[in-house]
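Before any comments, here is the structure.
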Amino acid sequence: MAVSNIKAVFQQDIQKVWDTVTSLEKYAWRSDLSKIEILNEKQFVEYTKGGYATTFTITAVEPCRRWEFDMENGNMKGHWAGIFTQRGKQTEIDFTEDVVARKWYMKPFVKSYLKKQQALYVSDLEKALLQ
């Protein structure tokens with residue numbers, strides 16, 4: 001099991017940050033995705049630019065506070081939790097991923113991969129919020 005956490009503060013209203021992160025229709029700001037397919041109100045599939053699919057099942061929604069889901073693909077399974085906090089005119093995000101590699105040879109690389117993906121996500125989010 002690998003756990004990775006990232007926190008960031010944005011000079012934006014919490015509603016804008018929440019709407020950007022949780023929108024399954026407006027995902028063009030994500031540089032790592034080619035598309036998102038909505039299966040139903042609780043499940044969606046993200047496809048990387050290379051076409052690799054990951055299925056997400058939403059497990060908790062508290063608007064402008066918390067968004068959580070389980071995730072699974074051929075390489076891993078795990079849980080993601082996002083906490084959103086308004087701090088004056090700023091919004092703090094606190095995102096944690098808890099992932100188990102499905103293949104033994106991937107286990108040593110999971111944490112560094114998660115850190116890299118989280119950094120890219122926050123960088124993309126920062127750019128999207130400035131638009």
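The values are calculated or read from the model by the stated rules, or taken from the named source; none is laboratory data. Owing to the predicted nature of the structure, the values given are computational and were not obtained by experimental measurement. Note that each Cβ is placed from the backbone with ideal geometry, even for glycine, and that neighbours are counted across all protein chains shown. Side chains included, ligands, DNA and RNA excluded: accessible areas come from the protein's heavy atoms. Shrake-Rupley method; radii C 1.70, N 1.55, O 1.52, S 1.80 Å.
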query = Between residues in the range 95-108 that are touching a residue at least 60 places away in the same chain (Cβ under 8 Å) and residues that are loosely packed, with under 13 Cβ neighbours inside 10 Å and part of a loop (DSSP other than H, G, I, E, B), which pairs lie under 6 Å by C-beta distance while being six or more apart or on different chains?
reply = 100/1
query = Hey, residue 113 hits all of (1) in a helix (DSSP H, G or I); (2) touching a helix residue (DSSP H, G or I) at 6+ places or on another chain (Cβ under 9 Å); (3) more than 23 Å from residue 5 (Cβ to Cβ) but one; which does it fall short on?
reply = (3)
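For the range 53-91, how many residues meet the condition of being of a type in the set (Ser, Thr, Tyr), more than 17 Å from residue 5 (Cα to Cα) and open to solvent by 30 Å² or more (accessible area, probe 1.4 Å)? Please lay out each step first, then the result.
Keep residues of the range 53-91 that are of a type in the set (Ser, Thr, Tyr), which gives 54-55, 57, 59, 85, 91.
From the residues that got through so far, the ones that are more than 17 Å from residue 5 (Cα to Cα) too are 54-55, 57, 59.
If we keep only those that are open to solvent by 30 Å² or more (accessible area, probe 1.4 Å) as well, we get 55, 57, 59.
Looking only at that region, the number is 3.
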query = In the range 18-52, which residues are open to solvent by less than 40 Å² (accessible area, probe 1.4 Å), assigned to a helix (DSSP H, G or I) and either hydroxyl-bearing (Ser, Thr, Tyr) or more than 30 Å from residue 109 (Cβ to Cβ) (or both)?
reply = 18, 20, 22
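Every residue, every condition in (1) out of contact with any Ser or Thr (no Cβ under 7 Å at 6 or more places or on another chain); (2) of a type in the set (Phe, Trp, Tyr); (3) within 20 Å of residue 18 (Cα to Cα), yes or no:
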{"site": "72", "(1), (2), (3)": "no, no, no"}
{"site": "75", "(1), (2), (3)": "yes, no, no"}
{"site": "87", "(1), (2), (3)": "yes, no, yes"}
{"site": "90", "(1), (2), (3)": "yes, no, yes"}
{"site": "99", "(1), (2), (3)": "yes, no, no"}
{"site": "105", "(1), (2), (3)": "yes, yes, no"}
{"site": "113", "(1), (2), (3)": "yes, yes, no"}
{"site": "123", "(1), (2), (3)": "yes, no, yes"}
{"site": "127", "(1), (2), (3)": "yes, no, yes"}
ask   = Does residue 12 count as under 22 Å from residue 131 (Cα atoms), touching a Lys or Arg at 6+ places or on another chain (Cβ under 9 Å) and either open to solvent by less than 60 Å² (accessible area, probe 1.4 Å) or in contact (Cβ under 8 Å) with a residue 12 or more places away in the chain (or both)?
value = yes
